[in-house]
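Following: one structure in C-alpha cells, then a few remarks.
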Amino acid sequence: MANEALVNLVAWCKREREYLQMQREMLRSGTFHIFRQEGPNQIDESAQNIERIDQNISELDLIMADYAKKAD
C-alpha cells in the first residue's frame with residue numbers, strides 16, 4: 001500500500017512538473033502575462049511568477065530524486 005502511494009505521488013509530481021513547465025514557457029514567451037492591480041495601474045508580475053515556478057519545479061525534482069534513490 002505504501003509503495004502504491006509513493007508511485008501515485010511520483011506520477012502526480014511528473015504531471016505537475018509538466019504543467020508548470022508549460023506555464024513557465026508561456027510566461028517567458030509572452031503568450032500570457034500575470035498582472036497585479038495597484039490603484040489605477042497594472043503591474044506585470046510575470047517575472048516573479050517565473051521565479052516561483054522555477055522554485056516549485058526544483059522542489060518536485062527533489063521529491064522525484066528522493067524516490068529514485070529509494071527505488072534503487
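When residues of the range 1-43 are filtered for being under 15 Å from the mean Cα position of the chain (by Cα) and farther than 23 Å from residue 60 by Cα, how many remain?
0
Give the range 2-37 a look and list any residue that's among the acidic types (Asp, Glu) and either under 26 Å from residue 68 (Cα atoms) or at pLDDT below 95 (or both), or say none.
4, 16, 18, listed by residue number.
Any chance the range 13-29 includes a residue that's part of a helix (DSSP H, G or I), aliphatic (A, V, I, L, M) and in contact with a His (Cβ under 8 Å, 6 or more places away or on another chain)?
yes
The values are calculated or read from the model by the stated rules, or taken from the named source; none is laboratory data. Bear in mind that the values here come from a model prediction, so they are computed numbers and not experimental data. FYI the Cβ positions are ideal-geometry reconstructions off the backbone, even for glycines, and counts take in every protein chain you see.
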